[in-house]
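Taking it in order: structure first as structure tokens, then the write-up.
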Amino acid sequence: MQSPSDLTEVPRLNNKHPRQLYLLFFTEMWERFSFYGMKALLLAYMVTQLKFDEPKGYAILGSYAALVYTMPMFGGMMADRFLGYRRAIMFGGILMSIGHFILAIPQDWSFFYGMAFIICGNGFFKPNISSLVGTLYSNNDPRKDSGFSLFYMGINIGAALGGVICGYVGQMINWHYGFGLAGIFMIIGLVVFYLGQKTLKEKGLPPDMDLLKKPLLHFVRTEWVIYGGTLLLVPVIVSLFHSYHVMDYIMFGLGAASIIYVLFIAFRMENVARNKLFAALIMIIFSTAFWAFYVQNEGSLNLFAMRNVNMNFLGHDLPALSVNNFLPPGWVILLSFFFSWLWPWLNKKGKEPSTPLKFSLSFLLMGIGFYVFYIACTSSMNTGLIPLWTFVAGYFFIICGELCISPIGLSMVTKLSPAKVVGMMMGIWFFADAVGEFLSGKIGSLMSVPSEVQNDAVASMPYYAGILNKIALGSIGVGILLWTTVPLLKKWMKDIH
């Protein structure tokens, strides 16, 4: 039996992607429908229905986003050491389904408990399905970045459908119906994976079945200890939502600990592997800043769209939540075709940008997108409403930036990490996302609009314009800084292109 690491030794030379990619594509598509469909509703639900003030809403949204992307570190390590990717994906999907249906219950207690189940489930599902994609290609297979771009398109088809449908149902019909609808599509994703996983053959199986079945305390198998211990985290997470201020200490403490742990592992490796892990770690750290800026689309830009974007299109007023949550994944779907063609085409000509250079470009493009938002604001101060086309155009540049870092980052982690720690490093990649999303809540809170002017578009516009300008300048500055590190990172990556 060949292990995934064995399969990465010989590059495949044909141009077709493995058929297993499409199984993972559709599984992830429906899971992301549920995840982003629910997330599209969170901030607006807290502000309009639970009557949280905006700073509290941003803080809880940031805490949720941070925790939902922190858990993949734990889920990735459990898959690497015990469960294997496939068991972790099934367990995570079940927990997420439970969480969505709890959110559909119209009770005060259900909100935090539903989010807690989704956080735990995402920790097992998210990193391991991405790691499973990586096992389908050799490290230097030129299709690998392209394959992850196609996989990323599946993510965004689900996100686009979820954002539009759940956003519309939640905002226009009933918030809890929107949450429940997300749960139904999570079940669909699980069924797709369960029925199709036999095509994966040996990929994603537990690394040591005897260790997984080994009894602990003479009667409980290791596998069940992992499942039970995860369920015990649910009330702990709920308590964190009630004391969200402690998240500052948790996130930055975990961030420091994860960096130290990766360095500890790296210094026990031979020189080439160590430098590759260093390169991966630096790019992961930079990605934190990207998500801190980018994830405004799931928070402050939801409220900005509701208050300060003219949603009239051909005489029809469009629902702001649906539009804002459709545009990012909608652009990804369209542009993924272009980028999945662009990278192999440039590779054949010997002109494909290196992974570090792609990361740098992501910041520069995102900065241009936010600057489009800012220019639109300064040109519309008298009306308080920016034209819809400028909102669409700003997102075009932001998503071009996203496609230079997010699918490329997934591919980068699987290329530069030793096989025995790929799941853990994928978890740390998502943890960087977690820190970024946590910081995005703090940036978003700077755009909090006082309650007395929330319904006055002209008065609310300045609260957004100034911060959008600072995000644009900050993103461009980080992109330039990262550009200066490209030669060193390319040297450390050695034979990985």
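The values are calculated or read from the model by the stated rules, or taken from the named source; none is laboratory data. None of these values were measured; they are calculated from a predicted model. A quick note on method: Cβ atoms are made from the backbone with ideal geometry, for glycine too, and the neighbour counts reach across all protein chains shown. Side chains are part of the model used for accessible areas, which takes the heavy atoms of the whole protein and leaves out ligands, DNA and RNA. Shrake-Rupley method; radii C 1.70, N 1.55, O 1.52, S 1.80 Å.
Summary table
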| quantity | calculated |
| --- | --- |
| Condition met for residue 460 (open to solvent by less than 10 Å² (accessible area, probe 1.4 Å), assigned to a helix (DSSP H, G or I) and either β-branched (Val, Ile, Thr) or farther than 30 Å from residue 203 by Cβ (or both)) | yes |
| Wholly within region 383-448, helices (runs of 4 or more DSSP H) carrying at least 3 residues that are of a type in the set (S, T, N, Q) | 406-416 |
| Number of the condition not met by residue 263 [criteria: (1) within 28 Å of residue 422 (Cα to Cα); (2) touching a strand residue (DSSP E or B) at 6+ places or on another chain (Cβ under 9 Å)] | (2) |
| Exclusive hit being open to solvent by less than 10 Å² (accessible area, probe 1.4 Å) and either over 21 Å from the mean Cα position of the chain (by Cα) or under 25 Å from residue 307 (Cβ atoms) (or both), set 444, 474, 423 | 444 |
| Filter result (touching a Phe, Trp or Tyr at 6+ places or on another chain (Cβ under 9 Å), more than 18 Å from residue 325 (Cα to Cα), open to solvent by 10 Å² or more (accessible area, probe 1.4 Å) and part of a helix (DSSP H, G or I)) within region 23-66 | 23, 25, 26, 56, 59 |
| Residue in region 248-261 that is of a type outside the set (S, T, N, Q), closer than 30 Å to residue 453 by Cα and free of Cβ contacts under 8 Å to residues at least 24 places away in the same chain present | yes |
| Among (1) within 13 Å of the chain's Cα centre (by Cα); (2) open to solvent by 10 Å² or more (accessible area, probe 1.4 Å); (3) over 21 Å from residue 85 (Cα atoms), the one test that residue 436 misses | (2) |
| Residue 360 vs. criteria open to solvent by 10 Å² or more (accessible area, probe 1.4 Å), in contact (Cβ under 8 Å) with a residue 24 or more places away in the chain, among the small types (Gly, Ala, Ser) and closer than 20 Å to residue 148 by Cα | no |
| Sole exception among (1) more than 21 Å from residue 226 (Cα to Cα); (2) of a type in the set (Gly, Ala, Ser); (3) under 22 Å from the mean Cα position of the chain (by Cα) for residue 196, by number | (3) |
| Residue, most open to solvent (accessible area, probe 1.4 Å), within region 111-155, restricted to residues that are modelled with pLDDT of 90 or more and more than 18 Å from the chain's Cα centre (by Cα) | 113 |
| Lone unmet requirement of (1) assigned to a helix (DSSP H, G or I); (2) among the aliphatic types (A, V, I, L, M); (3) open to solvent by less than 30 Å² (accessible area, probe 1.4 Å); (4) modelled with pLDDT under 85 for residue 164 | (3) |
| Selection from region 324-381 of residues that are polar (S, T, N, Q), modelled with pLDDT of 90 or more and not in a helix (DSSP H, G or I) | 379, 380 |
